[in-house]
Amino acid sequence: MTAKKKVAAAPVDQEETFVSLAMAKNLGDSEASVEEKLRALYKIQQTDTEIDKIYLLRGELPLEVKDIEDEIEGLNTRIANAKADIDAAGEKITACEHRIAEAEEALAKYNEQRDNVKNNREFESISKEIEYQELEITAARKHIGEAKLLIDARNGLVEDTQAILALRNDDLAAKRKELDSIVAETAKDEERLNAQRAELITKIDQRMLNAYERVRKNTHNKLAVVTVQRDACGGCFNKIPPQRRLDIEASKRIIVCEYCGRILVSSSFGKEE
């Protein structure tokens, strides 16, 4: 007995659309009929629509929560940077104070030596050292003053930012509470729908699922699979020729709307749902 030749599955194309899928002869390894796949795909669409409604209830809350979280992170970073500047300025003040103490000690030594010099050369040399130490003290005191001004400015920044941070933390707590309340109300439905979706996608081929996701992403109402309604596409509402409507009702092959690219399924699918 001659063995049947196995047809290799076409590679999955992430850019595939229903149009290219409809033209393909090999839809994958699934043994399900075209009608079964279309029914499963329509049910996936209905499930995704219900999940979309749940997300619609949450509105802009997830984005608002994320925005406030990002803002709080930025405020905390600003406070951390300001405190780092304060610490660095404090270290600089300490270093300058040590330098002043060393310079004053050197000045006392040089002044004592100058009182006991024996010639002009020694006097000029010691006088230059005294002048240098005095300049060091002046520069150190200037740096201390600048550092103290910086500390005052950064302390003011920290205080103002902490006040803003407290308000934003309150806002975040309120938004999270509101979002958590909505999520809690819809958690069971969302879990059920996600489980239902996971089961349904096992009934269709990966190529068909990829095409569905792609078309769904590019439509404003996220409808990639629609029924025929009043002899027109249920997505873009353009009229469908009679022969094409018969082919759609037969559910023997994939029929795509020539205007919007959505996949068209029998109106009976909607009545069953």
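Quick notes
- Residue match in the stretch 186-193 (condition: more than 14 Å from residue 43 (Cβ to Cβ) and of a type in the set (A, V, I, L, M, F, W, C)): yes
- The set of residues from the stretch 131-162 being touching a Lys or Arg at 6+ places or on another chain (Cβ under 7 Å) and of a type in the set (Val, Ile, Thr) comprises 158, 161.
- Odd one out for residue 113, checked against (1) surrounded by 14 or more Cβ atoms within 10 Å (Cβ to Cβ); (2) without any contact (Cβ under 8 Å) to a residue 40 or more places away in the chain; (3) under 57 Å from the mean Cα position of the chain (by Cα): (3)
- Residue 178 surrounded by fewer than 15 Cβ atoms within 10 Å (Cβ to Cβ) and more than 30 Å from residue 93 (Cα to Cα): no
- Of the residues in the stretch 153-160, none is under 24 Å from the mean Cα position of the chain (by Cα) and within 30 Å of residue 61 (Cα to Cα).
- Scanning the stretch 212-242 for residues that are over 34 Å from the mean Cα position of the chain (by Cα) and assigned to a loop (DSSP other than H, G, I, E, B) gives 230, 231, 237, 238, 240, 241.
Condition check ((1) under 30 Å from residue 211 (Cα atoms); (2) modelled with pLDDT of 95 or more; (3) not assigned by TED's automatic domain parsing to the domain that holds residue 176) across all residues:
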{"residue": "46", "(1), (2), (3)": "yes, no, yes"}
{"residue": "83", "(1), (2), (3)": "no, yes, no"}
{"residue": "103", "(1), (2), (3)": "no, no, no"}
{"residue": "109", "(1), (2), (3)": "no, no, no"}
{"residue": "112", "(1), (2), (3)": "no, no, no"}
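The values are calculated or read from the model by the stated rules, or taken from the named source; none is laboratory data. Only a predicted model underlies this, so the values are computations on that prediction, with no experimental measurement involved. Cβ atoms come from the backbone with ideal geometry, glycine included; neighbour counts cover every protein chain shown.
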